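Report on the following structure.
None of the figures in this text is laboratory data; all of them are computed from the coordinates on show. It should be emphasised that the depicted structure is a prediction, and the values quoted were computed from it without experimental measurement. Virtual Cβ from ideal backbone geometry, glycine too; neighbours counted across all protein chains shown.
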Amino acid sequence: MLIRNSRFALVAGIPLLLSACAKELPPRSVDEFVANPILLEATMVRCAENRSQKKYDAECVNARDAVDRISTMQEKEQRAELEAQSEQKRQALRRTQEAAAEARRRAAEAQRLREEAAYLGQFEAAPPTGTAADTAATSADPSTAGASDNSPGVTVSPLPQSAPEEPKTAAPSDLEAIREELKRRQEESQ
């Protein structure tokens, strides 16, 4: 009889064991869906097949929350990337503006130096008298035609000389730097 009871217990226990194993698994969490995009996609397809019945299913709700979380993370990453690009463009514009300001400053300084040299050139001492070039210059100068070299109180000043012009390499090099900066910006934006 003991054998019969053990068989009965075995036969009666198998369905109980199977029913215990057949319990529903708890719904997957949002973190599980975020970590496994294939599982998320499969769940979203399953939930989309019968929306009216699965609308409030815990797993479908978690899957929709995971989709929202993923899209939010992607938007944050995209926003950060756009901010970085914008900052790079602002820095490039700032460098271009600084280069243009520096070029204007250099041009103004060169102009000031030319004007100063021209002004100072008016007051430079006359070359020593008695040379052939001086006599030719004074005889050709109509303003000194009536004056002689030995007349008291009359001084002959040389014609104002223009200051030697500085080479204009500063402006083209600055212009070239600006062109290179613009080319670099164009290449970055493409």
Cα gyration tensor shape of the stretch 65-126, rounded if a/c is under 1.5, else prolate or oblate by comparing a/b with b/c: prolate
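Given 0.36 nm per residue, what is the gain on full extension from Asn50 to Met73 after removing their alpha carbon distance, in nm? Don't jump to the answer; show the numbers that get you there.
Details: separation 23, 0.36 × 23 = 8.28 nm, distance 2.82 nm.
Contour length minus Cα-Cα distance gives 5.5 nm.
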Per-residue HN-Hα couplings for the stretch 34-39 [Karplus 6.51, -1.76, 1.60; θ = phi - 60°; Hz; x = Gly/Pro]: 5, 6, 10, x, 5, 4
Inter-label distance, nm, simple model (7 Å from Cα along the C-beta direction), Arg185/Glu83: 2.3
